Amino acid sequence: MPAYPYDTLMRHKRWASNGLNAAIAANLHRIGECDLRVVLRLLDHIQTVDEIFADNLEGRAHGRRAPRSFELPAFDTLARKAIVTADWYVSYADILNPAQRDERLDFAFTNGAPGRMTRGDMLLHVATHGSYHRGNIGLILQKNGIEPNADRLTDFLAAERTLEAAWTE
């Protein structure tokens with residue numbers, strides 16, 4: 001049985017991230033150079049934090065000294081990595097049982113400070129952190145005359161219901 005609501009949050013994150021990356025890819029030529037650098041920096045920060053917390057969830061030391069890459073990756077690289085990472089989080093949340101969800105894990109933040117969170121809290125952090133920064137990027141897209149993708153949880157749930165209805169027909 002999936003670990004509700006964590007499975008829903010991770011599927012929403014994947015859907016919203018894929019939609020945002022599609023909107024960016026279709027409009028790269030319309031984003032000003034300075035704004036594009038900020039967009040890439042935000043996408044890189046989201047990706048890096050996602051990778052750090054995946055390492056935390058798997059009990060691996062992440063070895064990062066900052067919540068971003070030192071060299072800014074290209075958009076295509078970030079978009080490809082986001083797909084892989086989002087799929088990992090969806091799979092992880094799907095098999096999480098209540099005992100695992102409530103298990104507290106010790107880890108280190110990028111500044112070396114110790115951290116301790118439950119697995120569920122880590123998933124909540126990843127979901128809300130990504131949402132916050134996707135919102136930042138959406139504002140930059142609007143500033144450049146680009147309509148950002150639908151990102152709300154309600155939009156995602158409606159899209160899933162529509163997809164489920166199509167499967168049952």
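The values are calculated or read from the model by the stated rules, or taken from the named source; none is laboratory data. Everything numeric here is computed off the predicted structure, so don't read it as measured data. Counting neighbours? That spans all protein chains shown, and the Cβs are built from the backbone with ideal geometry, glycine included. These accessible areas exclude ligands, DNA and RNA; they are computed on the full protein's heavy atoms, side chains included. Shrake-Rupley method; radii C 1.70, N 1.55, O 1.52, S 1.80 Å.
Structural remarks
- Alpha carbon convex hull of region 72-169, volume per residue in cubic angstrom: 161 Å³
- Local net charge near D121, Cβ-Cβ under 11 Å (Lys/Arg +1, Asp/Glu -1): +2
- Value of [θ]222 nm, deg cm²/dmol, for the chain, DSSP H segments ≥ 4, -39500 (n - 2.57) each, nearest 500: -23000 deg cm²/dmol
- Spin-label proximity, N27 to region 133-169 - amide N less than 12 Å from point 7 Å beyond Cα toward beta carbon: 137-150
- Selection from S131, L36, Y4 lying farthest towards where the dipole of the chain points positive, charges on Cβ: L36
- Normalised contact order of the chain, rounded percent, pairs of Cα under 8 Å and 6 or more residues apart: 36 percent
- Between A99 and R152, the FRET efficiency estimated from the beta carbon spacing at R0 = 22 angstrom works out to 0.10.
- Prolate/oblate/rounded call for region 87-133, Cα gyration tensor, a/c under 1.5 rounded: oblate
- Surface accessible to a 1.4 Å probe, per residue, for the residues of region 21-167, Å²: 56 Å²
- Longest segment of the chain lacking chymotrypsin sites (Phe, Trp or Tyr not before Pro) that sit in a DSSP loop with at most 16 other Cβ atoms within 10 Å: 1-69
- Within the shell of other residues whose beta carbon sits under 13 angstrom from the beta carbon of A108, the net charge comes to +2, with Lys and Arg scored +1 and Asp and Glu -1.
- Percent carbon-and-sulfur accessible area, the chain, ignoring ligands, DNA and RNA, probe 1.4 Å: 57 percent
- Whether region 127-169 is rounded, prolate or oblate, judged on the alpha carbon gyration tensor where a/c under 1.5 counts as rounded: oblate
- Read-out Rg/Rh (Cα atoms, Kirkwood Rh), derived from the coordinates shown; its label in (1) 0.92; (2) 0.95; (3) 0.99: (3)
- Sparsely packed trypsin sites (Lys or Arg not before Pro) within region 56-143, loop by DSSP, other Cβ within 10 Å at most 14: R60, R65
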